[in-house]
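Inspection log for the structure reproduced underneath, given as structure tokens.
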Amino acid sequence: MGLLGAGGFYLASGLAFREMSEGISQDSLPRRALPPLPALANGETLRPGPVSLHLTPEGGQMGFGYNGTVPGPLFRVRRGETFEQVIENGLDDETTVHWHGLVPPPEMDGHPADPIHPGATKSVRFPVNQRAGLNWYHPHPHGHTASQVWNGLAGLFIVADEEEDALGLPGGDRELLLVLRDAEINEAGDLIYRDDITGNEGNFPLVNGVPWARTELGNVQNRLRILNGSNARVFTLTTTAPMTLIGNDGGLLDTPKLVDAIEMSPGERVDVILDLRGHRPGATVALTCSASDWRLLDIGVVEGGEDTFEMPARLSTIETLVHDGPIDREFRFEGDTTINGRLYDMNLTAFVVPFGKTERWRLNSAQGAPHPIHVHGGHFQIQSRTGGRNRLYPWEKGWKDTVLMWGGGEVIDILVRFDAYEGRYLMHCHKLEHEDHGMMMNFVVSKNPEEAERIAELERLYGPICTPPLSPLST
Ligand code: C2O
Ligand code: CU
Ligand code: CU
């Protein structure tokens, strides 16, 4: 598209925007091309800083981006490689970078007690030794995670491995990476952030940073890898072409599963094969959210060429965690701010988990749901959901790091095991306003849980004490 074309397009979209906020249907809106995600190689510098968002033609609204883009650059790392990055904080506020879904040592996890000050840098280096899958990164500063993410800070982080290679899944221009979220702008076109303790929701969608996106795909089998990067919104994804679920937070599922709809809460990821073989070039297929009635992405079907991909009956072999004993811990998520009656204390250890032991945790949606519950430092398997929806869904099989808990008394049991590193990690609600306002806990993974518990107890009584780090810093 030439300059003139782009200008004309923006004019049209500006009018549409004003109409939209007055409730005019999205069908009258010109769609904007889905931008591909820029990549960033290992060893480069990741810079959170201010960016112009250009959500409307008046353009120039300020937000935050990594290396000038929203979403931030994509990392692709193979299992067995060492991830290395320098983070340089170009914001006026403290930030951290958390690698959601990855398992770094605690001091690389972006914990809020470990901030990067404005203008400062931090080197991050850790081995990536986990299954292939779609992960992501975002800020995690104390009390300001929600506003920084809302303003644009988030990016994707893909891990690849040989098991996945062997399946010959659709790649190249048959692989779409989608960061879904919602947004809201004011009259001037600036992103508005409201610190709404019940969870901030916007009034239009962004896909890879653009409102009302469109793209083209061949009439073949395509792979869609999707993140819900919203602060608080739950999406219910539907489409008119056959959609087969192949993976989620922790990578590939054991077997593929044809689904009609997928419910995704903030932080969750899914991996699907969208089969467009039944569509002629010229047709349009939409990826929609039936909960909001938004057409998130229009897909123009084009001639796709040969398609030799055959869906395997088996995708992966997944270890099943077992635990026959009673519940090890119970967490009640109450209102918008507390877990078991307590607000987050950044400096204290709420509980200690023995290294390598499989535990059964019971998550209880006491009030204020939906709560998407997320665990750092490891993955879990969902054992049961009782009350509320009272069942488990295909995208909740295998390994997870975030699980959606609706209200209606939902109680979810998960099996979890931390066997990578000792040290301090986080468990929290991933509705970011809930997290910022206190619905979060520090826990410590330890090979010597009695000793760790003793220290935690002293800290609860007398405040943080100076002890050698539980996990030795890597040199
Ligand atoms: Cu995606 Cu603790 O966060
Ligand atoms: Cu995380
Ligand atoms: Cu919550």
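Each reported figure results from applying straightforward, stated rules to the coordinates on display, with no laboratory input. All values reported here derive from a predicted model rather than from experimental measurement. Ideal geometry is used to build each Cβ from the backbone, glycine not excepted, and the neighbour counts take in all protein chains shown.
Rounded to the nearest whole Hz, the Karplus-based 3J(HN,Hα) values (6.51 cos²θ - 1.76 cosθ + 1.60, θ = phi - 60°) of region 346-362 follow the sequence 4, 9, 10, 9, 7, 7, 10, 10, x, 4, x, 8, 7, 10, 10, 10, 9, with x at glycine and proline. Look at 230, 365 and count the other Cβ atoms within 10 Å of each Cβ; fewest to most, that gives 365, 230.
Centre-to-centre, using Cα atoms only, region 349-380 and region 300-345 are separated by 13 Å.
For the listed peptides 412-423, 322-333, 156-167, a ranking on the average number of other beta carbons within 10 Å per residue, highest first, reads 412-423, 156-167, 322-333. Relative contact order for region 335-406: 34 percent, from Cα pairs under 8 Å spaced at least 6 residues apart, divided by residue count.
Sorted on the mean count of surrounding Cβ atoms within 10 Å across their residues, most packed first, peptides 449-460, 135-146 read 135-146, 449-460.
As a length-normalised measure over Cα pairs under 8 Å and 6 or more apart, the relative contact order of the chain settles at 13 percent. Taking square-rooted eigenvalues a ≥ b ≥ c of the alpha carbon gyration tensor, is region 26-160 rounded, prolate or oblate, where a/c under 1.5 means rounded and, failing that, a/b exceeding b/c means prolate? Taking the square roots of the gyration eigenvalues as a ≥ b ≥ c, region 26-160 is oblate. Taking all Cα-Cα distances within region 341-424, those exceeding 21 Å account for 34%.
In the chain, the longest principal axis of the Cα atoms and the axis of helix 3-21 are about 60 degrees apart. In degrees, nearest 10, range 0 to 90: what is the angle between the Cα axis of helix 449-462 and the longest Cα principal axis of the chain? That works out to roughly 90 degrees. Amide H contacts for residue 258 (H built 1.01 Å from N in the peptide plane; partners 5 or more residues away or on another chain; cut-off under 5 Å): 245.
Dividing the convex hull volume of the alpha carbon atoms of region 157-302 by its residue count gives 124 Å³ per residue.
Antiparallel beta bridges, as assigned by DSSP with both residues in the chain, represent about 75 percent of the total such bridges.
The 3J(HN,Hα) values that the Karplus relation (6.51, -1.76, 1.60; θ = phi - 60°) gives for region 105-113 are, in residue order, x, x, 6, 10, 8, x, 4, x, 7 Hz. Gly and Pro appear as x. Taking θ as phi - 60° and the Karplus parameters 6.51, -1.76 and 1.60, the scalar couplings of region 316-323 work out to 7, 10, 10, 4, 9, 5, 10, 7 Hz in sequence order, x denoting glycine and proline.
Name the shape class, rounded, prolate or oblate, that the alpha-carbon gyration tensor gives for region 208-275, where a ≥ b ≥ c are the square roots of its eigenvalues, rounded holds for a/c under 1.5, and otherwise prolate holds if a/b is larger than b/c and oblate otherwise. Since a/c reaches 1.5 but b/c is at least a/b, the shape of region 208-275 is classed as oblate. Panel values: the chain, Kirkwood radius from alpha carbon pairs, Stokes-Einstein at 4 °C and 1.567 mPa s, translational diffusion coefficient 56 µm²/s.
Across all directions, the shadow cast by the convex hull of region 364-475 built on its C-alpha atoms averages 8.8 square nanometres. The residue among 393, 382, 427 whose Cα reaches farthest toward the positive pole of the charge dipole of region 342-475, with charges on the beta-carbon of Lys, Arg, Asp and Glu, is 393. In plain terms, the residue of 253, 461 with the fewest other Cβ atoms within 10 Å comes first and the most crowded comes last, giving 461, 253.
Adding -39500 (n - 2.57) for every DSSP H run of four residues or longer, then dividing by how many residues the chain holds, sets the calculated 222 nm ellipticity at -3000 deg cm²/dmol. Look at where the Cα atoms of region 427-457 and of region 121-178 average out, and the two centres are 23 Å apart. Both radii are taken from the alpha-carbon atoms of region 95-229; with Rh as the Kirkwood radius, Rg/Rh is 1.01. What does the C-alpha gyration tensor say about the overall shape of region 53-97? Classify as rounded when a/c is under 1.5, otherwise prolate if a/b is larger than b/c, or oblate. Oblate, because a/c is 1.5 or more while a/b does not exceed b/c. Spin-label model, residue 84 to residue 329: label points 7 Å out along the Cα-to-beta-carbon direction sit 3.5 nm apart. Look at the alpha carbon pairs under 8 Å that are at least 6 residues apart: their mean separation over the length of region 317-475 gives a relative contact order of 30 percent.
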